[in-house]
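The values are calculated or read from the model by the stated rules, or taken from the named source; none is laboratory data. Predicted model only: the values in this text are computed from it and were never measured. All Cβ positions, glycine included, derive from the backbone under ideal geometry; neighbour counts span all protein chains shown. For accessibility, only protein heavy atoms count, side chains too; no ligands or nucleic acids. Shrake-Rupley method; radii C 1.70, N 1.55, O 1.52, S 1.80 Å.
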Amino acid sequence: MPLFVRPGNGIKREISSMPGNYQFSVDTLVEEVKEIATLGIPGVILFGIPDSKDELGTEAYADDGIIQKAIRAIKKNVSDILVITDVCMCEYTNHGHCGYIKKDKKTGEYQIDNDETLKLLSKEALSHAEAGVDIVAPSDMMDGRVGAIREILDQNGYENIPIMSYAAKYASAFYGPFRDAAESPPSFGDRRSYQMDTPNSEEAIREVSLDIDEGADIVMVKPALPYLDIIRLIKDQFGYPVAAYNVSGEYSMVKAAHEKGWLDEKTVAMEILMGIKRAGADIILTYWAKDAARWLT
Ligand code: PBG
């Protein structure tokens, strides 16, 4: 179950484009996670909305950053739940890109600096580990980040923390509502220089294979619905644990249609989740997790 956490107290603010999902403050988040654990959902993945954003996304790797606080609070108060964190810079940078940006000397255009970004992501992953996270999930799509994160975790005694890599992450319009929820739309340009191109399936194989070589323990395909073939391809080709992210847009469009009375959310959602499972996913990240857990009992 993906969850959004922001600074403050007593906050449970519904995300307008994702009905039934909220931005929580740490205290209300802990209550939510307790309920999620009771429902038998095995894990949560946390996304942070920081107090302040800057060029280097400093709060992403601050010891008292929002995610670090949330991990500590959950670990202290809830047992029997796996805490996963999204490792990325986009929620923390003032430009909203997933990495460090620099100006190209020749063209004057801004570009992502892949290798500088690796340093920031490594620091972020390490700070999550120090706060007590169970699994880190890098979602930025920079080359070499799984290896860099594996190395820094191992060097610091966290060799047992697994990496769930967003390995085949497509540049998708289905992330629209999430960017609302995480307050992280890019302020200029788009993410096509680091996320994958929709028609390309061979690149998914290359990306997954690189991530496995660098030490990924679970590989993710994202989004799920328009990429069911990729889930099946990766499962068959690698025989590795595959996660599928049933993303915000896939959820919100069904919610909206349900609200209009055009289809029935429950049956449609279960059909979607079943399709993702049938395609070969071992793990599904979905905003329907709580609903599905209730529907299944
Ligand atoms: C990046 C990240 C995104 C999502 C998960 N991690 C947004 C993006 O890449 O633009 C999208 C999830 C969703 O749409 O539900 N930190």
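Of 222/277; 34/290; 53/123; 75/119, which ones are farther than 18 Å apart at the Cα?
Details: 222/277 14 Å; 34/290 12 Å; 53/123 16 Å; 75/119 27 Å.
Cα-Cα > 18 Å for 75/119; rest within.
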Trypsin sites (Lys or Arg not before Pro) restricted to DSSP loop in the range 51-146 with at most 10 other C-beta within 10 Å: 105, 106
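Convex hull over the alpha-carbon atoms of the range 76-208: what's its volume per residue in Å³?
Numbers: hull volume 18.7 nm³, N = 133.
For the range 76-208, the hull spanned by Cα atoms encloses 141 Å³ per residue.
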With θ taken as phi - 60° and the coefficients 6.51, -1.76 and 1.60, list the Karplus ³J(HN,Hα) couplings across the range 197-207 in order, rounded to whole Hz; mark glycine and proline as x. 8, 2, x, 8, 9, 5, 5, 4, 5, 5, 5
Measure out, as a whole number of angstrom, how far apart the alpha-carbon centroids of the range 25-78 and the range 130-184 sit. 15 Å
Take every Cα pair under 8 Å in the chain that's 6+ residues apart, average their separations, divide by the length, and report that relative contact order as a whole percent. 16 percent
From largest to smallest, what semi-axes in whole angstrom does the range 245-297 give when each is the square root of 5 times an eigenvalue of its alpha carbon gyration tensor? 18, 12, 10
Among all the aspartates and glutamates, which ones have a C-alpha under 19 Å from residue 105's C-alpha, if same-chain residues fewer than 8 places away are not counted? 55, 113, 115, 116
Loop chymotrypsin sites (Phe, Trp or Tyr not before Pro), the range 3-40, which have at most 13 other Cβ atoms in a 10 Å radius of their Cβ (DSSP): none
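Please report the relative contact order for the range 212-257, taking Cα pairs under 8 Å with a sequence separation of at least 6, and give it as a percent rounded to a whole number. Before the final figure, lay out each step's value.
On the way: 42 pairs, mean separation 19.4, N = 46.
Answer for the range 212-257 is 42 percent.
Report, as a whole number in µm² per second, the diffusion coefficient that Stokes-Einstein gives for the chain at 10 °C and 1.306 mPa s using the Kirkwood radius over alpha carbon pairs. List each step's numbers first, then the result.
On the way: Rh = 19.3 Å.
Translational D for this selection: 82 µm²/s.
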Answer check: the range 183-285, Cα atoms, Kirkwood Rh, Rg/Rh ratio of 1.02
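On the accessible surface of the chain, probed at 1.4 Å, how many percent belong to carbon and sulfur atoms?
Details: 6300 of 12730 Å².
Of all accessible area on the chain, carbon and sulfur atoms account for 49 percent.
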As an exercise, identify the chymotrypsin sites (Phe, Trp or Tyr not before Pro) in the range 143-189 lying in DSSP coil whose Cβ has no more than 16 other Cβ atoms within 10 Å. 188
Counting helices only, and only those DSSP H runs with n ≥ 4, report the 222 nm mean residue ellipticity of the chain as the sum of -39,500 (n - 2.57) divided by its residues, in deg cm²/dmol to the nearest 500. -12000 deg cm²/dmol
